[in-house]
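The values are calculated or read from the model by the stated rules, or taken from the named source; none is laboratory data. The model shown is predicted, which means the values in this text are computed figures rather than measured ones. Reconstructed Cβ throughout: ideal geometry from the backbone, glycine too, with neighbour counts over all protein chains shown.
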Amino acid sequence: MRLNKNITERLNLLKEIVNFLSDEKSLSTYLKIANIYTEECRYNSAIKFYKKGLQISKRLFGINNVEVAKFYNDIGNVFLLKKDFENSIKNFQKSLTIRIKILGEIHQDTAVSYYNLGVAFLKKEDYIKAFELNNKALEIYLKICGDSSTSVAKCYANIAAICEVADEYKLAIKNYKKAYKISKKLLGNKNPMTNFYFNKISDICKTMQS
């Protein structure tokens, strides 16, 4: 499927502009190009331009830098969308290692890396590792935000999904209820995520009764 004409023109313009920018100024442009390709599901092209930004970031700032960690995280997300879980995990792990080193364990970005790794392992069906990583992310988010965060709700929901796979239905319901309560409070009854959590609770209850 061909890209929309306006999107193609915008990409061509950005690719032309980036050739005339200094390394430091080119970073945001490479990021824009990669983000557009990601939104258009052109994942290989997205990875190509994220990697260009990554190489420049490493050259400018060295390996242990928040920008470098962000590019690794972005690349990991695209591999996750491609269902290439091994490469997704590899890049998320690199991002996590850098973030722990420069930001410490108790930091929002570090929690994001733990969460993303947990999602990748969940998709890979490595449930023990996914459970461990989601719990680590949850622990950090609770220390930073308390329970007033959609990120906390997502962690509870992932833990619930793992419990459901293990046929631990009571634990699954317990964690989905926590996710539902937070989502309802922050986003309201009509939010799609709130409805999703509510429906999961209902579905598991029906499974237990059958």
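Scanning the stretch 107-125 for residues that are farther than 21 Å from Ile75 by Cα and at pLDDT 95 or above turns up nothing. If only residues of the stretch 14-42 that are at pLDDT 85 or above and among the β-branched types (Val, Ile, Thr) are counted, the one that is nearest to the chain's Cα centre (by Cα) is Thr38. Do the conditions hold for Tyr127, that is, is it out of contact with any strand residue (DSSP E or B) (no Cβ under 9 Å at 6 or more places or on another chain), hydroxyl-bearing (Ser, Thr, Tyr) and over 26 Å from Met208 (Cβ atoms)? Criteria not met by Tyr127.
Counting only helices (runs of 4 or more DSSP H) wholly contained in the stretch 1-120, no element carries 2 or more residues that are small (Gly, Ala, Ser), touching a strand residue (DSSP E or B) at 6+ places or on another chain (Cβ under 7 Å) and closer than 23 Å to Asn134 by Cβ.
Taking every residue in the stretch 52-78 that is farther than 14 Å from Asp109 by Cα and touching a residue at least 24 places away in the same chain (Cβ under 8 Å) and pairing it with any residue that is part of a helix (DSSP H, G or I) and acidic (Asp, Glu), at least 6 positions away or on another chain, the pairs with Cβ-Cβ distances below 7 Å are Ile56/Asp23; Ser57/Glu67; Arg59/Asp23; Leu60/Asp23; Leu60/Glu24. Count of the stretch 56-80 residues, restricted to those that are among the basic types (Lys, Arg) and buried (at least 19 other Cβ atoms within 10 Å of the Cβ), is 1.
Please note which helices (runs of 4 or more DSSP H) are completely contained in the stretch 136-210 and include at least 3 residues that are of a type in the set (A, V, I, L, M) and surrounded by 21 or more Cβ atoms within 10 Å (Cβ to Cβ).
On the way: elements: 150-165, 169-187, 192-209.
Correct list: 150-165, 169-187.
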